[in-house]
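Laboratory data are not the source of any read-out in this text; all were calculated from the coordinates shown. What you see is a predicted model; the values in this text were computed from it and never measured. With ideal geometry, Cβ positions are generated from the backbone for all residues, glycine too; neighbour counts draw on all protein chains shown.
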């Protein structure tokens with residue numbers, strides 16, 4: 001007797017509905033996306049009991065033709081694609097023709113719709129996928145869909161829903177995200193009869209963010225605006241003050257489609273952490289506009305995931321866009337003094353937090369200082385080098401050996417930098433460098449500064465071709481567990497790009513033939529194992545770990561607290577830091593330098609008031 005049977009249409013439809021309609025928020029998302037595709041400029045959303053009892057979506061879009069009303073509720077019927085070629089050039093949010101059929105299969109649906117060319121509208125009532133009634137009625141242009149008693153005929157699905165309040169929260173998040181996707185559409189959202197939020201629909205994304213999150217968020221945003229290779233990346237990311245404990249405040253769109261993508265998220269978070277002083281997650285609203293032929297949106301039933309033709313290129317562009325947003329807004333934290341000097345004559349010194357906001361007047365002042373200060377200060381590099389050799393001839397491990405000091409000209413005063421030319425004075429606790437400018441002095445964390453220098457050097461090498469490597473005189477044999485070796489061999493070209501040239505040595509072993517040129521010559525086996533462990537543990541794979549890999553290498557090679565530096569080494573370190581795109585923080589987000597004005601210092605000693 002045959003054990004394989006053909007399922008009936010009703011069961012097939014309910015199974016399909018389970019893939020598309022997971023919860024009330026799924027229904028809301030699909031229906032709002034239909035309204036957006038219909039060209040609506042106003043969308044109103046209303047729910048009751050978390051969307052389980054009622055979901056109502058009203059729009060002023062182009063409506064549905066009378067003859068198409070019934071067809072619209074059949075499976076695999078759509079006006080958005082015609083043939084297979086259209087699947088690779090999708091410009092609408094919906095395209096499969098499954099949403100309405102799936103929603104109707106598990107709920108009671110009423111729809112009223114009218115096009116601008118029709119004198120009257122059409123009202124249709126469907127229950128469990130069956131058309132119960134269809135009549136003509138008076139109606140404004142657009143479509144209203146009312147969904148009641150979700151999962152009334154599939155109680156097994158109903159019992160897996162969260163509480164109504166939790167389901168309402170999830171619906172709110174979806175409506176909020178979709179409102180950000182189309183700032184030119186006015187959204188109004190009601191929950192149990194109360195207005196939760198409304199957006200203007202004036203085409204200004206910042207105003208939409210203000211309506212949804214409030215002024216505190218709006219005032220702490222950095223603008224993202226970057227375009228390369230016909231790919232545009234725009235939106236906003238929060239500064240350090242908006243760091244969050246989770247990723248619930250991250251919104252990403254590709255061609256207006258709300259998605260989640262590990263590659264893009266990794267690029268954004270990697271840049272954020274290199275500028276942030278906390279371990280929290282960034283707030284962001286990021287929109288990417290690109291040729292739809294370069295992405296595949298038909299990879300997930302809910303269309304929440306996409307595949308890119310070139311993941312690495314997308315990572316690079318997003319990373320660059322976020323770097324540009326941060327690089328022009330960071331600033332050097334300044335030490336300020338509490339002027340309450342009557343209390344035991346010991347004014348308290350405080351350090352401002354990095355604000356990520358760059359004052360134009362300060363920038364002009366810095367640029368002026370850069371061109372005017374210490375024009376006569378031109379260290380003799382040959383003398384500096386000889387001084388270094390004399391001072392360090394008996395050192396077991398010298399910093400200059402690590403840094404490969406060359407006879408190159410120190411950067412001149414015309415170099416574009418964000419802090420002025422500094423003259424090093426000395427070290428404190430063999431950890432911090434004191435350096436003078438015209439009207440202020442700087443305290444520089446030598447390890448954090450060198451980390452930043454090496455990080456940008458390695459990143460630049462990686463993005464151009466590959467990180468420079470050196471061949472080992474004797475290859476190192478490393479034993480790995482089977483899964484790690486398989487992963488490593490699959491990514492052998494990626495490891496070569498970061499300087500590790502590897503060959504299969506049979507069994508569970510590999511042969512490490514070349515290693516990256518890391519200053520300080522750390523234990524390469526330890527570095528390799530740390531990097532491999534980082535990649536294997538990362539759910540995003542090699543590409544999403546590249547930022548951590550590079551700053552691990554930078555951290556291992558950077559000079560340490562306790563390393564004694566000569567004046568020429570300090571000078572070289574400071575000038576290399578001035579060349580950096582972001583000289584203000586190390587890759588982990590800690591400040592590299594702080595500054596203090598001489599006026600504040602003199603106030604502390606009561607020389608001036």
Fill in the blank from the handout: Simple spin-label estimate for residue 160/residue 133, 7 Å along Cα→Cβ, in nm, reads 3.4 nm
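Once you keep just the Cα pairs under 8 angstrom separated by 6 or more residues, what percentage relative contact order results for region 456-582? Walk me through the numbers before you get to the answer.
Values: 137 pairs, mean separation 29.9, N = 127.
Contact order relative to length: 24 percent.
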Handout entry: Inter-label distance, nm, simple model (7 Å from Cα along the C-beta direction), residue 465/residue 53
Key = 6.9 nm
Problem - Taking region 214-327 and dividing mean pair separation by its residue count, relative contact order in percent (alpha carbons under 8 Å, at least six apart) - result: 32 percent
Practice task
May I ask for the percentage of alpha-carbon pairs in region 214-327 that lie more than 17 Å from each other?
Solution key: 52 percent
Completion exercise
One finds the C-alpha centres of region 489-566 and region 218-260 to be spaced, in Å, by 30 Å
Practice task
If a/c stays under 1.5 just call it rounded; otherwise compare a/b with b/c (prolate if a/b is bigger, oblate if not). Do that for region 119-192, with a ≥ b ≥ c from the square roots of the Cα gyration tensor eigenvalues.
Solution key: oblate
Practice task
With a 10 Å radius around each residue's Cβ, average the other Cβ atoms per peptide and rank 483-489, 443-449, 169-175, highest first.
Solution key: 443-449, 169-175, 483-489
Exercise for the section: For region 457-483 and region 124-138, write down the distance between their C-alpha centroids in whole Å. Expected result: 66 Å
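Just to be sure I understand: if I project the alpha-carbon convex hull of region 450-609 onto a plane and average over all orientations, what area do I get in nm²? If you can, show how the numbers build up before the last one.
Values: hull surface 50.5 nm².
Projected area, direction-averaged: 12.6 nm².
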Exercise for the section: Would you mind computing, in nm to one decimal, how far apart the modelled labels at residue 438 and residue 244 are, each placed 7 Å from Cα along Cα→Cβ? Expected result: 4.4 nm
Practice task
Sort 128-139, 188-199 for me by packing, meaning the mean count of neighbouring Cβ atoms within 10 Å per residue, highest on top.
Solution key: 188-199, 128-139
Problem - Burial order of peptide ranges 508-521, 565-578 (average beta-carbon count within 10 Å, highest first) - result: 565-578, 508-521
